[in-house]
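Undergrad: Below are the structure tokens for one structure; questions will follow.
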Amino acid sequence: MKESRLKLIRRSYRHWWQVPRYLADRPQHRQVTFLELFYDLVYVVIIAELTHSVASHIDGRHLAQFAFLFFIVWWAWLNGTSYHEVHGNDDIRTRIFTFLQMFTVAAMAVFAHDAFGETAVGFAISYAAFQLILAYLWWRTGVYDEQHRPLSGPYTAAFLLNTVLFFASAFVSPTARLVMWIIGVLIALLLPFLTFSRGANNPEVQAQIDLSLAPTDSIVERFGLFTIIVLGEVIVGVVQGVAGLPVLTLEIGIIAGAGMLVAVGLWWLYFDFVSHRHPSYRAVMVWLYAHLPLTAGIALSGAAVLNAIEHAGEPLPPPARWLLVGSVALALFGIALLIRTLRDAEADPGSYRSGMVAMLIVGIAVLALGFSTVQPIVLLGSLALLLLVPIFFGFVSWIQADSPSAHSTAD
């Protein structure tokens, strides 16, 4: 009787505290869970902190710092998301380690506003804690899934090295700290390429790489959801800009409306051309990394719109003007690059190629507006009108994809 009870306890424990999912058991079709949505939301705060810092200080140094920190944040989200996608389960273990990651990201957000200054130590330790959690998770994955060790091993080592670098950077001079952070970022950039190169002469390792890189419905959806989160920063910029003014006028209202239209236009382009479409296998890495300039451009456009509203009735200062046109152009170029990676674009290149070319041309035209000295109402209005050009091609693509003939072909 006692032995059967112990077996029942063990069976119940293993049900609620499972080993990491084996890579070979990764489902190709599943819904994004509420836990994943909750995890994504914590990144809203830290991205808002980064964009607020840029909005307050538009210069080369702060833009470089934003780019550096945004990559760290984006890389943290990508790795947390990828681990859950490949090895996560619906159990208590997955929830606890997801919540632990969220606590460290929230801590990073607390110190992100001056991560290169007074709050650098707090940011470094918070990010080191995040990396330590991922190192443990990948190590445990290799313990249980022997076939996956050729991939989980290098990831474990890289995350541990980053943990040491960022933790140790809290106790050195600012110059040495920056060098250590740069080394950590370079490790993060090179890690996938160095790891996946191991499959060149090893069919078993290559099989693991193929499984890990296979783009599933859920990972495509996660990138779309993250893009929506970042688009929300543009709306935040509009609201903060309007709420911070002592007097509201019709001109301010029009500028705010045009800023909203820029967000709507970027949403329209991404979700008509890119969202819920799978990249081809040979372009998966490009597809992943192309989301970095896209989301960075969208986040910066939120800071730029806030500045445009604050300068209503007068020409935008050159830094604010170039931030606005540069961020929108960067987002357009990112979407164009993403289109180039899609399977649908390879199978039916007509409308996709037209949309991509339109986005590139409009992106160049948007950058040309940086040489103008027009007031914010004209500049934002011009941006909203220019976005209508690629939106037209996106609308055509949407109609074609939703046509009865397209559905019959798919059936």
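Undergrad: Taking helices (runs of 4 or more DSSP H) that fall entirely within the range 1-100, which contain at least 3 residues that are modelled with pLDDT of 90 or more and not assigned by TED's automatic domain parsing to the domain that holds Pro293?
TA: In the range 1-100, 34-56, 60-87 are the helices (runs of 4 or more DSSP H) which contain 3 or more residues that are modelled with pLDDT of 90 or more and not assigned by TED's automatic domain parsing to the domain that holds Pro293.
Undergrad: While we're looking at this one, here's another question. Which members of the range 334-350 meet the condition of being surrounded by 21 or more Cβ atoms within 10 Å (Cβ to Cβ) and of a type outside the set (A, V, I, L, M)?
TA: Hits for the range 334-350 are Gly334, Thr341.
Undergrad: Hand me the list of helices (runs of 4 or more DSSP H) wholly inside the range 317-411 holding 3 or more residues that are modelled with pLDDT of 90 or more, touching a Ser or Thr at 6+ places or on another chain (Cβ under 8 Å) and not assigned by TED's automatic domain parsing to the domain that holds Phe66.
TA: Of the helices (runs of 4 or more DSSP H) lying wholly inside the range 317-411, those with at least 3 residues that are modelled with pLDDT of 90 or more, touching a Ser or Thr at 6+ places or on another chain (Cβ under 8 Å) and not assigned by TED's automatic domain parsing to the domain that holds Phe66 span 318-340.
Rundown of residues vs (1) buried (at least 19 other Cβ atoms within 10 Å of the Cβ); (2) under 18 Å from the mean Cα position of the chain (by Cα); (3) assigned to a loop (DSSP other than H, G, I, E, B), yes/no style:
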residue: Trp181; (1), (2), (3): yes, no, no
residue: Pro192; (1), (2), (3): yes, yes, no
residue: Asn201; (1), (2), (3): no, no, yes
residue: Glu204; (1), (2), (3): no, no, no
residue: Gln208; (1), (2), (3): yes, no, no
residue: Leu225; (1), (2), (3): no, yes, no
residue: Val239; (1), (2), (3): no, no, no
residue: Ile255; (1), (2), (3): yes, no, no
residue: Gly259; (1), (2), (3): yes, no, no
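Undergrad: Next question. Name the residue that is nearest to the chain's Cα centre (by Cα), counting only residues in the range 15-41 that are within 26 Å of Ala107 (Cα to Cα) and among the aliphatic types (A, V, I, L, M).
TA: Leu41
The values are calculated or read from the model by the stated rules, or taken from the named source; none is laboratory data. On a predicted model such as this, the values are computed, not experimentally measured, just so you know. FYI the Cβ positions are ideal-geometry reconstructions off the backbone, even for glycines, and counts take in every protein chain you see.
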